[in-house]
Amino acid sequence: MNARIHIPLASLVAALVALALTSPDVVAADKVDPVADARAFQNFFFQKFPNVKHEDFVNGPYSMNEDMKRQWQEKEEFPPYEFALEAGKEMFSTPFKNGKTYADCFPNGGIGIRQNYPYFDSGEGKVITLELALNRCREANGEAPYSYIKDEMASLTAYMAYTSRGKLMDIKIPDDPRALAAYENGKRYFYTRRGQMNFSCASCHVQSPGERIRAETLAPALGILNAMPIYRSEWSGMGTTSRRFVTCNSQTRAVPLEPQADEYRDVEYFPVLRRQRPADLGTGSTAMKLSLGLAMLLALSLAPSARAASEADYKAAYAAAEAASKEAAGMRNQWTVTVSALAAAKRAADGGDFGRAVAAAREAEALAKASIFQAVSEKEAWKAMEIR
Ligand code: HEC
C-alpha cells in the first residue's frame, strides 16, 4: 500500500473553532475541567464499544479482539518481559560508584510508587515523569543518564511498575494554575493533528480503536498508558513510553519530539490515558484514581461572564449544537470535547449565565461539525494508509 493522505482538515477545524471562540473570555472559564473531561472521555468509550467490559479497555488492543486476547493470555504463561524485569531488579539494587542506590532518590525506597508518576512539581512548575526522575537520580550521583527510549530505562521502569502491580494509578492535579496549564497542554497535544497524514493521537486511539493498521489493532486511549513500558515482538524487546510516542508520531510522518520534551511530559499527565489495567502484557500498574483540586475547579467554572445574552439565544444555540452532536454520534464520531462543551453550556445556562452558555454551545456545534467532516473524509482514507 502506498498512500500519502493530505486531508485539509486541520485548517477547517481551526477555522470552526476560531469562529466558535469569538468570545474566549467566556469559554476559557469552562475549559479546564479535568473531572468533566474524564467523565466524558470514559462515557465516549463505553458508548462506542457497548460490548467491551468497562474494566477491559485498559487491556489495550486485546480489549478489541477476542482472538488476540486469547493469544496474549497464553503468552502470559511465559511472559516475554520477564527477562527485562529481572534485569531491572538487578540494576535497581546495584549501587552507583558512590555507593548510593536508586532507593536513595525516591520515596519508600522506590518500591510501589509508580502509580504516583508523572506528578506536578510545584517548585519547578513542571511535570516530572518516572523516567526523568530516574535519570536525575543517576546524574545527581555522578552517573551518565540512560537513553529514554529503551534497554536500561525500560527494564528499570518495568521493575518499578511491577512493584506497583495491583495499586491504583494516582495522578494528582494540584491546586496550581501551572498544573492546570500542563494538563491543558497535554490534552491539546493529544487532540492536535500533525504530520503529513494530519492525524492526532485521538484520530487513531479515540476515533479508531479496534481498526487495523497493517497487522496491528489500535488500542483505545482509555488507560492506554497503564501498561508502559511494554514488550513488543516487533521491537524484540521492551520500549518505554517515550519510544511509543516517538513511534506513533513517526507513523503519521510527523517529526517526533525529543523524548521527555515538555509536550510529551504533559501528554503523559493527561490522566484519562491512565486507568485500571489489572493484568497486561506490559508490566504496568493499575487503575487511575482522579484526585483533583475539585473545589478550585468548581470555583473556576463559576467565573463571571462578560456578555449579555438571553435564554432564547441559548436555547437556539444549544438546539443547533445538540443536533450536530447527535449527527456525529450517529456516525460514531462524537468527540469528547464536544460532549464537554455541551455539558458546559448546560451548566452555565442552569446557573443563569446565558452569555457563557451560548459561547459554549457554539463551540460544541463547531466541534460537532468538524467531527462530522472528519468522519466523512477519513472513513476510507484511513485504510489506504501506509505505516512504516
Ligand atoms: C496512525 C495511527 C496512530 C497515531 C496517530 C498514534 N498512534 Fe499510538 N499506536 C498506534 C499503533 C499502530 C500502536 C500499536 C498497536 C496498539 O497498541 O494500538 C499504538 C500504540 C500506542 C500505545 C501503546 C498501547 C498499548 O497498549 O500497547 C500508546 C501509549 C500510544 N500509542 C500513544 C499514542 C499517543 C500519545 C499518540 C499521539 C502523540 C499516538 N499514540 C498517536 C497508532 C497510532
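Quick note: the coordinates plus some simple rules give every number you see, no bench work behind them. As the structure is a prediction and not an experimental result, all values here were calculated from the model. All Cβ positions, glycine included, derive from the backbone under ideal geometry; neighbour counts span all protein chains shown.
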Pair R136, S93: separation of 7 Å Cα→Cβ label points (nm): 2.7 nm
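Calculate, in nm to one decimal, what D175 and R188 gain on full extension: separation in residues at 0.36 nm each, minus their alpha carbon distance.
Additional length available on full extension: 2.7 nm.
Work out the FRET efficiency for N65 and E152 from their Cβ-Cβ distance, taking R0 = 30 Å, and round it to the nearest 0.05.
Details: r = 32 Å, r/R0 = 1.08.
So the FRET efficiency works out to roughly 0.40.
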Theoretical FRET efficiency, 1/(1+(r/R0)^6), r = Cβ-Cβ of D104 and A144, R0 22 Å, to 0.05: 0.80
GluC sites (Glu not before Pro) within region 184-258, DSSP loop, no more than 14 other Cβ atoms inside 10 Å: E211
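Working from the alpha-carbon coordinates of region 62-304, get Rg over Rh, Rh being the Kirkwood radius.
On the way: Rg = 18.0 Å, Rh = 18.7 Å.
We get a ratio of 0.96 for region 62-304.
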Whole-angstrom gap from region 329-359 to region 162-185, using each part's C-alpha centre: 26 Å
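Which of the three applies to region 211-273, rounded, prolate or oblate, going by the alpha-carbon gyration tensor with a ≥ b ≥ c and a/c under 1.5 meaning rounded?
Working: a/c = 1.39, a/b = 1.24, b/c = 1.12.
It comes out rounded by the Cα gyration axes.
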Loop trypsin sites (Lys or Arg not before Pro), region 151-251, which have at most 11 other Cβ atoms in a 10 Å radius of their Cβ (DSSP): R214
Qualifying trypsin sites (Lys or Arg not before Pro) in region 38-96, DSSP loop, other Cβ atoms within 10 Å at most 11: K53
Inter-probe distance in nm under a simple model that places probes 7 Å from Cα toward Cβ, at W235 and E211: 2.4 nm
